[in-house]
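One structure below.
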Amino acid sequence: MTRNNGHIIVAGAGIGGLTAALTLSRAGFQVTVLERASELAEVGAGIQLSPNASRILIDQDLGPDLRARAVYPDSIRIFSTRSGGEVTSLPLGASIAARYGAPYMVIHRADLQAALLKAARSRPNIDVRLGVAISSIFDTGESVEIETADGRNFTADALVGADGVHSAIRTEVLGYGPARYSGRIAFRATIPIDAVPDSVRRVTCVWMSPKAHLVHYPISGGDTLNLIAVTEGKWTEESWASPATRDEMLQQLGAGRSTVWPKAALELLRKPETWTKWALAAVDPRFEWSRGRITLLGDAAHAMLPFAAQGGAMAIEDAEVLASALVSERDLPLALKAYEAARKPRVSAVVDLAAANGRIYHLSALAATLRDTALRALPARLTLARQDWIYAWRSA
């Protein structure tokens, strides 16, 4: 395969799929993105982009569009309902950009997806097709043959499955199992930034509570506050935005008991009248992502719980490593295996970290008290240094 005219099909135009299109096009490949939705409407509200991810997006020339809509928080403040107040604060802003060479930003998912789509459509070797559902996939050994539900046919040198946590390519083509529900439910809402205190308008906050936690941060250029309340529960449904009431969220969160949630947190939780909810599911990455000329990327390969704020970042990293592997190894199936081998240890470690954080956030009684004491005792610089292995990452 000639490096300057190889053709890659990416299934899915989410954050990971579009980033892969950009990195592959920069590496000299012709890229076709097939997305079954007729218009892009990124699920959810906010996404946190730490330096390991923002660096890649900036390198793909998204800097100006991101700066127009992103917020660069001054700090991450961590609160405990067990202790009733703040237990630690980690500096972000200019200090983290200086430490890691790229900023920590928060942005509305729709704004990020719009910036990625704009960049993809500006490149002559990327063809983004919406409203195209894949009906069959066949790896001939020399190419990948794809037929769509409306009878169109595509041939490519490789297929990248970036079709999300409930990936059909993972389950129906590669034959691996579905995502596993975690017993956690996330409720989401947004409110105008003018409705919240000045003290939370430029920061990311985490409130830890027994069997629940709350995260909030500004998005949409600082005009909106994004709230995510995570509780424990058995409800499962594939929808990313099932309607939920404020009373349902408060009951699930245990927020009806004033002894559990401080006044400042309760005031934020009670402001939105409407919420959406989704059941948190994950995919253990310890399986074969790549087979022949087909591979997986992002949530399709390693969907993780959102307790390390790294789900989107890992998909963005995948995209850069995939492009590098395809340039470095001329045998395409071997290149896909090299990509998988390079990514699996890191994403497995981040998946495990996210799961551990979820347990730590939801501790109760003595365990929560010990957690809070340890966080207060550890200097902020040392707490931040524990993130070096994530934030300082660069592809080889």
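Read-outs throughout are calculated quantities, based only on the coordinates presented, and are distinct from any laboratory measurement. From a predicted model like this one, the values you see are computed outputs, not experimental measurements. Here the Cβ is made from the backbone with ideal geometry for all residues, glycine too, and neighbour counts use every protein chain on show.
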*If we restrict to alpha carbons, what Rg and Dmax does the range 59-158 come to, in Å?*
21.6, 62
*Quick one: if you stick a label point 7 Å off each Cα along the C-beta vector at Arg394 and Asp352, how many nm between them?*
2.7
*Please get the size of the charge dipole for the range 96-189, origin at its Cα centre, with Cβ charges of +1 on Lys and Arg and -1 on Asp and Glu, quoted in debye to the nearest 20.*
800
*Could the peptides 283-291, 110-118, 360-368 be put in order, highest first, of the mean number of other beta-carbon atoms found within 10 Å of their residues?*
110-118, 283-291, 360-368
_Considering only the range 1-116, percent of DSSP beta bridges that pair antiparallel, nearest 5_ = 70
*Taking Rh as the Kirkwood radius, which is the inverse of the mean 1/r over Cα pairs, what is the Rg/Rh value for the chain?*
0.97
_Tell me the angle of helix 15-26 to the major Cα principal axis of the chain, expressed in degrees between 0 and 90 and rounded to the nearest ten._
40
*So how tilted is helix 311-328 from the main axis of the chain? Cα-based, degrees 0 to 90, rounded to 10.*
30
*asked:* No solvent, one uniform scatterer per C-alpha: report log10 I(q)/I(0) for the range 346-393 via the Debye equation at q = 0.13, 0.16 1/Å, two decimals.
replied: -0.38, -0.57
*Å³ per residue of the Cα convex hull, for the range 266-396?*
148
*Give, rounded to the nearest 20 debye, the magnitude of the charge dipole that the range 222-327 has about its Cα centre when Lys and Arg contribute +1 at Cβ and Asp and Glu contribute -1 at Cβ.*
280
*Sum -39500 (n - 2.57) across every DSSP H segment of at least 4 residues in the chain, then divide by the residue count to get the 222 nm mean residue ellipticity, nearest 500.*
-10500 deg cm²/dmol
